[in-house]
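Comments concern the structure below.
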Amino acid sequence: MINDIKRNTVFRTAIRRAVESGYNTVLDIGAGSGLLSLYSVESGAHKVYSCEVSDMLYHLCRDVLQTNGVIDKVTLFNDMSTNLRIPQMIEMPVRLVVTEIFDAALFGEHVLTTIYSALKNLLDPKHGMVIP
């Protein structure tokens, strides 16, 4: 994803538009390098939660957020999003879920289970949005 300029531009624009429209609490599922979390902070999100289950990618994400001076604006979890709980871990349901966990087969990253869990447990049921 990092080297896909066209895809990144679309994500950045979609996140900016969503945040500017009031979707200003964000959950980045499968944060990887932290790019979508960075876009969320850059767009003015009030609060960004970011989760990455891979230990290596979690540490990379933390380093990227630190290097870019936004580590204090992102709550980073080294866990699966399906394990996150409100209000113990996330203060209240988020308005925006961003994710790029899709693979060629669609099912390899547990996409359906992950998105369903986020919709049911973490996203604001009346005012929430998912990108993509």
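Limited to the stretch 74-128, what total is found for residues that are at pLDDT 95 or above, in a loop (DSSP other than H, G, I, E, B) and among the aromatic types (Phe, Trp, Tyr)?
Residues flagged as at pLDDT 95 or above, in a loop (DSSP other than H, G, I, E, B) and among the aromatic types (Phe, Trp, Tyr) within the stretch 74-128 amount to 0.
Tell me whether the stretch 39-47 contains one or more residues that are among the hydroxyl-bearing types (Ser, Thr, Tyr) and either touching a Phe, Trp or Tyr at 6+ places or on another chain (Cβ under 7 Å) or assigned to a helix (DSSP H, G or I) (or both).
yes
What pairs come up if the first residue lies in the stretch 75-92 and is free of Cβ contacts under 8 Å to residues at least 60 places away in the same chain and of a type in the set (Phe, Trp, Tyr), the second is in a loop (DSSP other than H, G, I, E, B) and surrounded by 15 or more Cβ atoms within 10 Å (Cβ to Cβ), and their beta carbons are under 8 Å apart, counting only those six or more places apart or on different chains?
Phe77/Glu52; Phe77/Leu84
It is to be established whether one or more residues within the stretch 50-71 are in a strand (DSSP E or B), touching a residue at least 12 places away in the same chain (Cβ under 8 Å), aliphatic (A, V, I, L, M) and within 13 Å of Asp28 (Cβ to Cβ).
So far as the stretch 50-71 goes, no, none of its residues is in a strand (DSSP E or B), touching a residue at least 12 places away in the same chain (Cβ under 8 Å), aliphatic (A, V, I, L, M) and within 13 Å of Asp28 (Cβ to Cβ).
State all residues of the stretch 45-78 that are among the small types (Gly, Ala, Ser) and more than 14 Å from the chain's Cα centre (by Cα); if no residue qualifies, say none.
Matches in the stretch 45-78: Ser54, Gly69.
Test Gly128 against the stated conditions and say whether it is within 25 Å of Arg17 (Cα to Cα), crowded, with 16+ Cβ neighbours inside 10 Å and not aliphatic (A, V, I, L, M).
Criteria met by Gly128.
The values are calculated or read from the model by the stated rules, or taken from the named source; none is laboratory data. This structure is a prediction, so every number in the text was calculated from the model and none was measured. All Cβ positions, even for glycine, are placed from backbone atoms using ideal geometry, and neighbour counts span all protein chains on display.
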